[in-house]
1. A:SER567 passes all but one of (1) over 19 Å from A:GLN449 (Cα atoms); (2) over 44 Å from the mean Cα position of the chain (by Cα); which number fails?
2. Sort out which residues of segment B:218-237 are buried (at least 18 other Cβ atoms within 10 Å of the Cβ) and more than 16 Å from B:ARG199 (Cβ to Cβ), and write them in order of number.
3. Being touching a residue at least 24 places away in the same chain (Cβ under 8 Å), surrounded by fewer than 19 Cβ atoms within 10 Å (Cβ to Cβ) and either within 19 Å of A:ALA359 (Cα to Cα) or not β-branched (Val, Ile, Thr) (or both) narrows it down to one residue among A:LEU268, A:LEU209, A:LEU215, A:LEU240; which is it?
4. Looking for whichever is touching a Phe, Trp or Tyr at 6+ places or on another chain (Cβ under 6 Å) and free of Cβ contacts under 8 Å to residues at least 24 places away in the same chain here; the options are A:ALA106, A:ALA95, A:ALA100. Which one fits?
5. Would you mention how many residues in segment A:426-471 are in contact with a Pro (Cβ under 9 Å, 6 or more places away or on another chain), more than 14 Å from B:GLY538 (Cα to Cα) and of a type in the set (D, E, K, R)?
6. Only one of these conditions is not met by A:LEU444: (1) closer than 30 Å to A:LEU482 by Cβ; (2) within 12 Å of chain B (Cβ to nearest Cβ). Which number is it?
7. Just need a number here: residues in segment A:485-513 that are touching an Asp or Glu at 6+ places or on another chain (Cβ under 9 Å) and within 29 Å of B:GLU472 (Cβ to Cβ).
8. Quick check on segment A:520-542: of everything there that is within 45 Å of the chain's Cα centre (by Cα) and part of a helix (DSSP H, G or I), which residue is surrounded by the most Cβ atoms within 10 Å (Cβ to Cβ)?
2 protein chains.
Amino acid sequence: MIDPIRRYVPILDWGRTYSKRALSNDLIAAVIVTIMLIPQSLAYALLAGLPPEAGIYASIVPIMLYAIFGTSRALAVGPVAVVSLLTATAIGQVAEQGTAGYAVAALTLAFLSGGFLLLMGVLRLGFLANFLSHPVIAGFITASGILIATSQLKHILGISAGGHTLPEMLGSLLEHLPGINWTTVLIGVAATGFLFWTRKHLKPLLKRLGTPALLADVLTKAGPVAAVVATTLAVWGFGLADQGVKVVGTVPQSLPPLTLPGFSPDLLGALLVPAILISIIGFVESVSVAQTLAAKKRQRIDPDQELIGLGAANLGAAFTGGYPVTGGFSRSVVNYDAGAETPAAGAFTALGLAFAAVALTPLVYYLPNATLAATIIVAVLSLVDLSILKKTWGYSRADFIAVAATILLTLGLGVEIGVASGVGISVLLHLYKTSRPHVAEVGLVPGTQHFRNIRRHSVETDPSMVTLRVDESLYFVNARFLEDLVQKRVIDGCAIRNVVLMFSAVNEVDFSALESLEAINHRLKDMGVGLHLSEVKGPVMDRLKRSHFIEDLNGCVFLSQFEAWESLAAAPLPNAAE
Amino acid sequence: MIDPIRRYVPILDWGRTYSKRALSNDLIAAVIVTIMLIPQSLAYALLAGLPPEAGIYASIVPIMLYAIFGTSRALAVGPVAVVSLLTATAIGQVAEQGTAGYAVAALTLAFLSGGFLLLMGVLRLGFLANFLSHPVIAGFITASGILIATSQLKHILGISAGGHTLPEMLGSLLEHLPGINWTTVLIGVAATGFLFWTRKHLKPLLKRLGTPALLADVLTKAGPVAAVVATTLAVWGFGLADQGVKVVGTVPQSLPPLTLPGFSPDLLGALLVPAILISIIGFVESVSVAQTLAAKKRQRIDPDQELIGLGAANLGAAFTGGYPVTGGFSRSVVNYDAGAETPAAGAFTALGLAFAAVALTPLVYYLPNATLAATIIVAVLSLVDLSILKKTWGYSRADFIAVAATILLTLGLGVEIGVASGVGISVLLHLYKTSRPHVAEVGLVPGTQHFRNIRRHSVETDPSMVTLRVDESLYFVNARFLEDLVQKRVIDGCAIRNVVLMFSAVNEVDFSALESLEAINHRLKDMGVGLHLSEVKGPVMDRLKRSHFIEDLNGCVFLSQFEAWESLAAAPLPNAAE
């Protein structure tokens, strides 16, 4: 048992044993991640509809707080694509983009999200994130990738357009298409093409040229930086900003400012549900990444403490000019691959970005938005994976329906409705599946003590008894199904004197199912038929004993099905002729 | 296989063999039920806020249509208490009581409800009603009984009051208390007392006096009729209507009129959700009664065809001046006890009520509302059963929470929110329970081939292998739980070379769980640990084979756990010193 302070502040744990070697590894990783994060932070702020510095600020204090409270050694926290899109959708409903209210709404969203994550962490409710099934997450991420890429086309085309759903976005793009700026298109297409090329072909090329592996890796990761530098220089050198190419413009040269989220009840009320959604999606993404990376080193993360780490990070973002953050996939993988050993790597990255915020921001004045859009498009298209449709189709129709519905609803009705419907549909499909459980009528395999499905095996049966093996826990959704099934079976077979329910796969009997069992018992008693149970599990039996069911049972509870067979099959048959 | 017409029109089935004996039994039952239904129909119309004749009309055509399309031989369809309360709540939100719009809203509600039931029946969606768990239904019925009884106090006190929740109702009663009419109170209290007395004590008394059982039964059931006759005569004889005693007044002397529900999209939209709720609750109540009565005679009902029968009945109500109806508990039990053999008894009851509508309505002019309120109070208080709280507390905390929340929310926030929350809470609690399944680490019982929980039994284990028996189906809600559990167990035990998952109680592996199993497999492979499965059920194995999981498995699938033990426990231990 670790003491409560060390449990909630993991830095006290790993900080004690921090070595010189870990320091140098962390520093190297920090440099690589910082280079990658500068353009990414600017780009995601653009995606969220916020000024570029918000993206950098959101990468400084949050990452430091996560280093103190988080449990993953490699997770890099900051703005990510999907959360940026969700932020834009949520705050677009309460404020106009570009206004002061919009930025305050972003801070408020981060504040609510941080508070909610912290609360979940303290209450140890991390398991709630499990209600998002893998297919729903996969479908949601894929659809979000498509939405994000589409939302960036306006920057590539140099037009203004809006919309939160695919039809809205495409309609708005078509409407504004006449205002297309061909210089912007040239820059955007060149940057996109270059980034796709570096991502796919640069590393193999460098390797063939004999570049050392680590250097090849760094150069590939620096692709966005190269695109940023080249297009910024081009805009500056050829005066393209005068030809209508939109650029990032003035970014304040400053450390993260102290900011306050809005506390008006209207604003808090309007953003609460989106904040919860963002928290859960951000948490799921972050935990998946952290767990995958931890497993590679036989380390563990604590999902409940992760909630606290991410909650602190979001609160940090709310008070230092940021917006909602979470553990990002690409940056965390880069951090891990670059050799980060402890959360200190994140803290060093934060220092690097703080330096950039103070010293480098004047350099991005001429950086075209089209380049940032290109980096986003290339990054998010790697999230789009329609193969999940094929995989789930092959494996299970219910999962396929959940994925397909999530993708279609996210694209057609927006991210919030999409993911909420996905969760609802998964739950309903699960309830539907368990509402008609597999129940096999079983008989004795001759010469053994085993019982098998009479439809699949050649087994011995007795016309006076019917044994039903229930392959599902019994609870309210399927309780009545069993009632119907037993009644149908007994009415169809007039010779039946005894019914045995074989409970080997019944892991729970809830109160509704108990009442159904009581109803079955009474009905069978009225018909002069005995009801027996066999192979009831310990915890289920313990619970049944708390009710009067076992006392009132018009029959026995047998430890094994074979005992039931031996006692009952030998019973004299009142209608032996049948 | 019966042909489609006979499947959808069960009267063609039982009608063929209708005998003289059944006819005389059905006629006797019809007379008894008719006598009981006259005051009950008037009373429930009062509860729904509708003119008294609506209750009678709702008992004529609907019961005939049910006789044609329904499958229960004893079910009596008509207005019932809970559905009347739901009707009052729903249409009170779209129209003022006493206006023409209010009556049209009631017809529209019956129309939507009928359409929805019919649609569910044709799509064979009867299982959806199972999402209402027994505790939620019990809690809802109890809370509704309290709400209904409270709503009738205003008639007993002779004041006007409103409200849809318990606090609203009590507040409104207190507010209007100064207007109390003592003559009304006298009638109301006397009628209530008399009805409670007949219900509890009349039958034993008559038996002691040597009255034949059937006659004693009929006399007891006729209690409400006696109260109606006595109080009507009192009001008429002493001119109490002039002293402020509210009476039923003029009821049109007519057969059910032809009416049309409203078809405005606004009205349909506003009533759709309440109509669905009423349909489902009415269906659940009706099916429970029908199933209980059918079982006593080893008969069966078809829940999907019941949807069609109830749907037709509600459509009938919509076009003949009624309001939503369903199969009532008390009237059905009376019908059954009185010897009804076929749905024809219902049709004869309808004829009796049609006669009453034409010939007897002038007689109820002086019938005081207080008497009707008394019959409702006495009827619904028998529905109030708080013992469900004690029973569920003893059996399962989750079920207790569902009941308690349903009762409190129904009383505090109204019937619609109450029942919707009850369903939501049951589903969430079920998901919560299955989200942390029981997983036992098992070992070999010495000298046998059986494996038992190492914490409960003295068993043999091997430090190089760990066997986890998963006592729950694996699906998205608990998939990550298993990931965490396996990872924790393996990291804690450095000597572990093999992990066996024993799947004897796993009835399903959905796509999320498959991905978690794949993740577990990859992580264990990274750690140099094997992953094996044992005792996988046929349907689960069939499904797993559709994926690449079995091919990629870093281990084997064993038919029995003992095989797994024999193959793996003998493996050389790399760290035998541990």
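1. The number of the failed condition is (1).
2. Within segment B:218-237, B:THR231, B:THR232, B:ALA234, B:VAL235 qualify.
3. From the options A:LEU268, A:LEU209, A:LEU215, A:LEU240, the qualifying one is A:LEU268.
4. Only one candidate passes the filter, namely A:ALA95.
5. Matching residues across segment A:426-471 total 1.
6. (2)
7. Of the residues in that region, 11 qualify.
8. If we take residues in segment A:520-542 being within 45 Å of the chain's Cα centre (by Cα) and part of a helix (DSSP H, G or I), then A:ILE520 is surrounded by the most Cβ atoms within 10 Å (Cβ to Cβ).
The values are calculated or read from the model by the stated rules, or taken from the named source; none is laboratory data. Keep in mind that this is a model prediction, so the values were computed, not measured. Methodologically, a virtual Cβ is constructed for each residue, glycine included, from the backbone with ideal geometry; neighbour enumeration extends over all protein chains shown.
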